[in-house]
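Structure first, commentary second.
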Amino acid sequence: MDVWAVDRPGPIDEGPLQRVRRTVPAPGPGEVLIRVEVCGICRTDLHLCEGDLEPRRPGVVPGHQVVGAVVDRGTGADRFAIGDRAGIAWLRRTCGSCEFCRSGSENLCPRSAYTGWDADGGFAEYAVVPQDYAYALPADRPAVELAPFLCAGIIGYRSLLRANLPPGGRLGIYGFGSSAHLTAQLAIAQGAELFVMTRGAQNKELARELGAAFAGDTTDRPPVPLDSAIVFAPAGDVVPHALEALKPGGTVAVAGIHLSDVPVLNYERHLFHERDLRSVTSNTRRDGEELFRLVSRLPVRAHTTEVPFDAVDRALSDVAHGRAVGSLVAVRPD
Ligand SMILES: [Zn+2]
Ligand SMILES: [Zn+2]
């Protein structure tokens, strides 16, 4: 089969992602084989290509927002029928027995594994996934619209939980890419007032279109103090701006898996008055199930740009250079 693989990570414009041929994988016990229809493109894929995340498997195939059909099942894999639509997400496996797994925090499992990092992902014709970590997806919505929810949506949802936003509260969002534009809609649909700080005129325009009360630059102070903020931009220098924009008792959640260094913080200006700075680490399967339930009843829609499978590398370059608006989704040829 035809895949995109990373052999030696490096700057995306120097071609770390290469088109190669591979054997179609066979599903192991408890796994299903999925024929990829579409695969969403995520900033984490860029981090994997560029080496911001330490490589764990040479020649890995990135891509962790897969929508496709189950075409084969390994021993004991009977959760899906052949032909069912299923989704593959970032969280791929946890141990199930550590203190974190047992207490509902499987996202912190030290033995967790991730699609496109520890195992091959969806920039391919076929991909395997443990059935217990796959999502059953509705067959009546376009695959392209569903893919961005499998990572951008789930991580955004968890970030919103971690940001501790009170009902009807004021939420600031720093950076307005794929995850942010879905999170913004979830927050607004649940009564939040939204303030977006981002670079790029088109991102600001999308923020206003989706109902933001304010859309400024990442260094702009929103016009009113915020209850909560989520930093989606992978830039640590945004964090002090977000902390300064908070009301006393407010919370900043950092959504990304990778962040450049946070500058030195000043206790009085950035943290005193019980402002909290929190990270977001992966997600639990429960986060994903809850998100898909919300998406089925709230007016939340991914703004997508379809990318031909041939152009995944160029699309990642667009993400790197801030040229992407909304969610990019790679589409396999039929
Ligand atoms: Zn565990
Ligand atoms: Zn992702």
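In table form, for the structure just shown:
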read-out	value
Most mobile of T115, T23, T219 in a GNM of the chain (Cα contacts under 10 Å)	T23
Using θ = phi - 60° and Karplus 6.51 cos²θ - 1.76 cosθ + 1.60, couplings along region 105-120 (whole Hz; Gly, Pro as x)	10, 4, 4, 9, 4, x, 9, 5, 10, 10, 5, x, 10, 8, 9, 5
Ranked by how many other beta carbons lie within 10 Å on average, peptides 200-209, 34-43 from highest	34-43, 200-209
Shape call, the chain: gyration tensor on alpha carbons, a/c limit 1.5	prolate
Simple spin-label estimate for D334 and E268 in nanometres, 7 Å along Cα-Cβ	6.8
Percent RCO, i.e. relative contact order, over region 1-55, from Cα pairs under 8 Å lying at least 6 residues apart	40
Cα gyration tensor, region 154-279 - rounded (a/c under 1.5), prolate or oblate	rounded
Sequence-distant residues sharing a close amide H with G51 (under 5 Å, placed H)	G10
Taking region 154-279 and dividing mean pair separation by its residue count, relative contact order in percent (alpha carbons under 8 Å, at least six apart)	25
Peptides 233-246, 74-87, 320-333, 153-166 ordered by average Cβ neighbours within 10 Å, highest first	153-166, 233-246, 320-333, 74-87
Distance between modelled label sites at I82 and A189, nm, 7 Å Cα→Cβ extension	3.5
Highest-first arrangement of 284-292, 248-256, where packing means the average Cβ count within 10 Å	248-256, 284-292
Cα centroid separation, region 297-315 to region 98-119 (Å)	27
Net charge contributed by nearby residues that have their C-beta within less than 15 Å of S260 (K/R +1, D/E -1)	-2
Whole-Hz ³J(HN,Hα) from phi, Karplus 6.51 cos²θ - 1.76 cosθ + 1.60, for region 322-328, glycine and proline x	x, 8, 8, 10, x, 10, 8
Extension gain (nm, one decimal) between S105 and D261, 0.36 nm per residue minus Cα-Cα	53.6 nm
Antiparallel %, DSSP beta bridges [both residues in the chain], to 5	55
Accessible area per residue in Å² at 1.4 Å probe, computed on region 154-279	42
Full-extension gain in nm, S97 to L294, via 0.36 nm per residue minus C-alpha separation	68.0 nm
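The values are calculated or read from the model by the stated rules, or taken from the named source; none is laboratory data. What you are looking at is a predicted structure, and each value in this text was computed from that prediction instead of being measured. Using ideal geometry, Cβ is built from the backbone for each residue, glycine included, and neighbour counts are taken over all protein chains shown. Heavy atoms of the whole protein, side chains included, go into the accessibility calculation; ligands, DNA and RNA do not. Shrake-Rupley method; radii C 1.70, N 1.55, O 1.52, S 1.80 Å.
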